[in-house]
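Heads up, the thing below is written out as structure tokens.
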Amino acid sequence: MSAWAEIRQVVTDPRAACERLGLLEGSKSQGYAGLSVRCPWHGERNPSCSVTRGQDGTIRAKCFSCDSTGDLWGLTAAVTGEAPASRELLIAGAAIFGLEQLLDTDDRDRALKVPRAARQRLTASSLPPERSYPSPETISAFWGILGPVSESWDAGVYLEDRCIDPVAVSRLDLARAIDDKTELLGGCRWNGMDWNRLTHRIVLPVWDAHGVMASVRGWAVIGDVERLGAPKRLPLSGYSASGLVLANGPALELLRGGGLPDSEIVVVEGEPDFLTWSVRAEESPVFGLGSGWWTQEHANRIPSGCEVVVLTHDDQAGERYANNFEKSLQGRCRVRRRVRL
Ligand SMILES: [Zn+2]
């Protein structure tokens, strides 16, 4: 068995592993299942990264804010900043978990020399100050310097490949693009890499219950991002991603108290469906949701008597999100569901 596999099989207590990785500060217990820690991938103040024991008995990590996932080594790479599957990562991990004896002689000597403080890149003081969202001024200034997706070569081609017309997206101002020259916000990062490097060049605004642009999300345009292990779509690092939704123009009018809309409200999951439906049904209010995005406060802005169609993926997550959405309207609107193929 390789040292990688051996260490993965020895270090199986989520709490003990997180303690070694310096992830206990700010963490929350999930009982016997494991714990929630501050996500080492996207960096945050409130813990939304769940660390548990998987079915095979080894450690699993999943962040419910940024969707990053990993095993013990993925988590260790995120904390130390060492490249996945690199010799440096193996040495750092063995040192962190006190398992130097499982390494070859050369590596063992190196591991024993790793000073403990240098192993941990993530400390509470390196995190941004506690704020749930950036200031609206910061977000609108950032949005203001972004260019249209229809004039960005990689964002435009990427959307066209997905049958989403970049010209319509720009006309409706649903998303904008960053390029090499864009001065990025500090939060446009994941695991030490910025959105340009990661190719998260499509930027979509997300809105609070009053229709105020409260943050943005980045969407990667190149498959390369999967090689790096990064999620295709990211919230701003260091800020909360929950309580904010994607919304097109007519949907924003609703949030801002515009009254009963002329057409049916469309509710979809995630960025791709949001853009597809916002372009396809431009007169309709369209909301794009992810896990934890829609709040009761958003629901309270929907006028009673609206017609709503919720498009779900044909899976458990889709079912759950449709149920939660319908419950939030408390029977005030007629809600139809359609499974999206
Ligand atoms: Zn995360």
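Coordinate-derived values only; no laboratory data. These figures come from a predicted structure and were not determined experimentally. Counting neighbours? That spans all protein chains shown, and the Cβs are built from the backbone with ideal geometry, glycine included.
Basic side chains Lys and Arg get +1 at the Cβ, acidic Asp and Glu get -1 at the Cβ, and with that the dipole of the chain about its Cα centre reaches some 840 debye.
What the Cβ-Cβ distance of Val167 and Gln30 gives, at R0 = 51 Å and to the nearest 0.05, is a FRET efficiency of 0.65. When each of the peptides 63-72, 149-158 is scored by how many other beta carbons lie within 10 Å of its residues on average, the order from highest to lowest is 63-72, 149-158. Let me know the shape class of the chain, please: from the alpha-carbon gyration tensor, a ≥ b ≥ c as square roots of the eigenvalues, rounded when a/c is under 1.5, otherwise prolate if a/b is greater than b/c, or oblate. Judged from the Cα gyration tensor, the chain comes out prolate (a/c at least 1.5, a/b above b/c). From the residues Trp277, Leu172, Thr76, which one has its Cα farthest along the dipole of the chain in the positive direction, the dipole being from +1 and -1 charges on Cβ of Lys/Arg and Asp/Glu about the Cα centre? Of the options given, the answer is Thr76. Which one of Thr295, Val310, Leu198 is farthest out on the positive end of the charge dipole of the stretch 187-341, using unit charges on Cβ (Lys, Arg +1; Asp, Glu -1) and the Cα centre as origin? It is Leu198. Counting Lys and Arg as +1 and Asp and Glu as -1 over every other residue whose Cβ lies under 12 Å from the Cβ of Leu24, the net charge comes to +2. Structure note, pairs Lys28/Lys181; Lys28/Lys232; Lys113/Lys232: Cα-Cα distances above 29 angstrom occur for Lys28/Lys181; Lys113/Lys232. A Förster distance of 51 Å, applied to the separation of the beta-carbon atoms of Val10 and His210, puts the FRET efficiency at 0.50. Go through Tyr158, Gly331, Gly218 and say which Cα lies farthest out towards the positive end of the charge dipole of the chain; charges sit on Cβ, +1 for Lys and Arg, -1 for Asp and Glu. Of the listed residues, the answer is Gly331.
Mean separation of Cα pairs under 8 Å and 6 or more residues apart, divided by the residue count, gives the stretch 3-126 a relative contact order of 21 percent. Take the Cβ atoms of Glu183 and Thr105, set R0 to 51 Å, and the FRET efficiency comes out at 0.55. As a length-normalised measure over Cα pairs under 8 Å and 6 or more apart, the relative contact order of the chain settles at 12 percent.
For the chain, DSSP calls about 70 percent of its internal beta bridges antiparallel.
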